[in-house]
Amino acid sequence: MEINNSEFTILIVDDVDANVLLLKLLISKAGYKTLTAFNGRDALEIVEKHRPDLILLDIMMPIMDGHEVARRLREMPDKAEIPIIFLSALNSTEDIVQGFKLGAADYVSKPFNKDELLTRINHQVSLIAAKRLISRQTEELRKTIIGRDKLYSVIAHDLRAPIASIRMVMEVLIAGIKRENIDEDMYELLIMANRLTDDSFTLLDNLLKWTKSQTGRLNTVFQDNVDVMNLVSGVVEVLRAVAKLKNITINIIGSTERIARIDIDMVKTALRNLISNAIKFSYDGSVVDVEIVEEPERIVIFVKDHGAGISMENQERLFKSESHFTSFGTDNEEGSGLGLLLCNEFVKRNGGTLGFTSQEGIGSIFSFDIPTQQ
């Protein structure tokens, strides 16, 4: 990292005129800007007005000594980070320790060696420059992330409504048209358009929720006395229309009359994504089972398919946001890779745990539990 010394100002504080002149000459020759003060009180006034980058501070001075100057600087929130190098003939261990306790960055004994002093100054300036670079890059990264998340949110939010409307229109068309009444190729195109519309809606919905969760704008809103069986049945009923496009049957196995205190939208989203994935990776004409099992103080929901399964390599990457991935379904369906990440987060927010087992070529079983309400 290249450093321009002329961009940094060093305040020299010493009550001896000769010391100030010598230090000013030495430091100016090295390319730094300088400010001078002959006592601690004047030094504090200069810091308030000019905020130097580094302070060379004598300890034994009239009016206010160096230790008191350092103490007062550390009490100023916007000045506390200015590094201080103490310059003093007081070189006992106690004096040195006292200086570091007051936040000194370094300590040089008088009489000092000019090369040693410049080396210590250069070191402190390098640290200052590095901190500023990191701070600038962090701020740029923060702005980039805010801009990205806002863009994602706007895209997802503004597109979600029209895509949802198109989705409803496509479902009405598919339901109202008999296959034998139109050309086979046209019917297949309608089926494909319906599936793509549904996939797009799911992607946008997941993207919107993922962006909100990552930016801290997604709140968990718990609702009491939620009928779990009714919730599961509702999600399954909606997805049966999607499953029908691949001739897949969704069965509900088991039942429960228990209630739960959960965020309904989050649990629905988790279950919807698990069933959608099961459909995506199932083969034409197969079965997806949604099983409900009651356990002490909990309900466990299993989603079982008999499809492509997941390789051992990919299983290790499923819930890692930094390495999340997506793969094509059995009918070349695409995905975003966000579904399972959302499931995992939403299940955790509702006091549950998401788990799975899978064998490549045999199928997968995903499950999550919901604490029941007494």
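A short reminder: the numbers here are calculations on the coordinates, not readings from a lab. Predicted model only: the values in this text are computed from it and were never measured. No Cβ is skipped: glycine too gets one built from the backbone with ideal geometry, and neighbour counts run over all protein chains shown.
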> Near the amide H of I259, under 5 Å away, which other amide H atoms are found, from residues 5 or more places off or on another chain, if H is placed in the peptide plane?
Replying inline: Q373
>> Using all alpha carbons of segment 136-218, what is the percent of pairwise distances in each 10 Å bin, ordered from the shortest bin to the longest?
In response: 17, 33, 22, 15, 9, 3, 0
>> Pairs on different chains or at least eight residues apart, Cα atoms closer than 23 Å: how many lysine pairs in segment 114-238 fit?
In response: 5
> Can you give the relative contact order of the chain as a percent, counting alpha carbon pairs under 8 Å and 6+ residues apart?
Replying inline: 10
> In whole percent, what relative contact order does segment 136-218 give with Cα contacts below 8 Å and a gap of six or more residues?
Replying inline: 46
> Once the Cα atoms of helix 228-244 and of the chain are each reduced to a long axis, what angle between those two axes, in degrees from 0 to 90 to the nearest 10, is obtained?
Replying inline: 70
>> Tell me the Kirkwood radius of segment 7-112: reciprocal of the mean inverse pair distance over distinct alpha-carbon atoms, in Å.
In response: 13.5
> In whole angstrom, how far apart do the alpha carbon centroids of segment 137-200 and segment 1-80 sit?
Replying inline: 63
>> Taking the alpha-carbon distance from K33 and a cut-off under 13 Å, which aspartates and glutamates remain once sequence neighbours fewer than 8 residues away in the same chain are dropped?
In response: E7, D53
>> Please give the charge dipole size of segment 7-112, origin at the Cα centre, charges +1 on K and R Cβ atoms and -1 on D and E Cβ atoms. Round to the nearest 20 debye.
In response: 180
>> Using Cα-Cα distances under 8 Å and only pairs 6 or more residues apart, what relative contact order does segment 1-109 have, in percent?
In response: 23
> For segment 182-280, which chymotrypsin sites (Phe, Trp or Tyr not before Pro) are in a loop by DSSP, counting at most 16 other Cβ atoms within 10 Å?
Replying inline: F222
> With no solvent and one point per C-alpha, what does the Debye sum give as log10 I(q)/I(0) for the chain at q = 0.11 Å⁻¹?
Replying inline: -0.77
